[in-house]
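Everything on this sheet refers to the single structure shown next.
All of the numbers you see were taken from the coordinates with simple rules; none came from a lab. Nothing here was measured: the structure is a model prediction, and the numbers come from that model. Glycine also receives a Cβ, built like all others from the backbone with ideal geometry; neighbour counts cover every protein chain displayed.
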Amino acid sequence: MRRTGGTAAGVSTVDAAVARMREVGAGCPPRDGVGVFNSVYLTVTEELARRIGAGRFPDVRAASTLVTLFAGRYLDAVAADAAGERVPACWRPLLTQRRHPGVRPMQFALAGVHAHVGHDLPLAVVDACRVLGCRPAALEDEFDAVGEVLRSLEEQVREELMPGPDLLELADPLTHLAGAWSLDRARDAAWATARTLWVVRGVEELGEKFVRRLDTSVGLVARMMLTPLRF
């Protein structure tokens, strides 16, 4: 289960991840889909960095490792795309549709969250276990604590990116999309996937096949999330 896309972003700390996200955001034009997701994710990562710095996690080292590896997978995908390299299937819809005029900001944000939580989070848990020399069960408290902060990302997407009442015709399909996706369910699925990946890690062929299937299925849903609503 090798890292998909390498380590192009080169981030080794949460603060480095925050700094890199700021660079990514600064390079995105208005209404760019990656910029939309990056903005909301940056806010969450800044809050995670603040809590880690204040020692507000059960195990600060474990939390810092998990958050850094988690953010690094997204940043690796962005860096690989910028370099013209192949990126994970889960990120391709957002990266290829990022400037589509018919896709709304909330769609970009939700597709990014789905790709990151559905694919990157379980892989980051396994990555962190390898670095820390522990099993996923040892990271469950940190996983839950990070998830509580991630919940604010979903709330931010809904509050800031949902069209106002003057755009009810447009808001109807967006309301359906937002209501059909749940961060809590996605987190539960990510945890179950991480535990499965840990079990099959010693069977390389099976593990690699599982990761490929995960990447493909998450990418398929992300693509549907980015169905244009207008031109």
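Across q = 0.12, 0.19 Å⁻¹, the stretch 20-134 modelled as identical point scatterers on its alpha-carbon atoms has Debye log10 I(q)/I(0) values of -0.44, -1.02, in the order of the q list. With 0.36 nm allotted per residue and the present C-alpha distance subtracted, the residue 85-residue 195 stretch has 36.6 nm of extension available.
Computed from label points 7 Å out along Cα-Cβ, the spacing between residue 31 and residue 50 is 3.2 nm. Each other residue within a Cβ distance under 10 Å of residue 191 adds +1 if Lys or Arg and -1 if Asp or Glu, for a net charge of -1.
Between residue 12 and residue 152, what length comes free when the chain is fully extended (0.36 nm per residue of separation minus the Cα-Cα distance, one decimal in nm)?
On the way: separation 140, 0.36 × 140 = 50.40 nm, distance 2.43 nm.
Stretched out fully, the residue 12 to residue 152 stretch lengthens by 48.0 nm.
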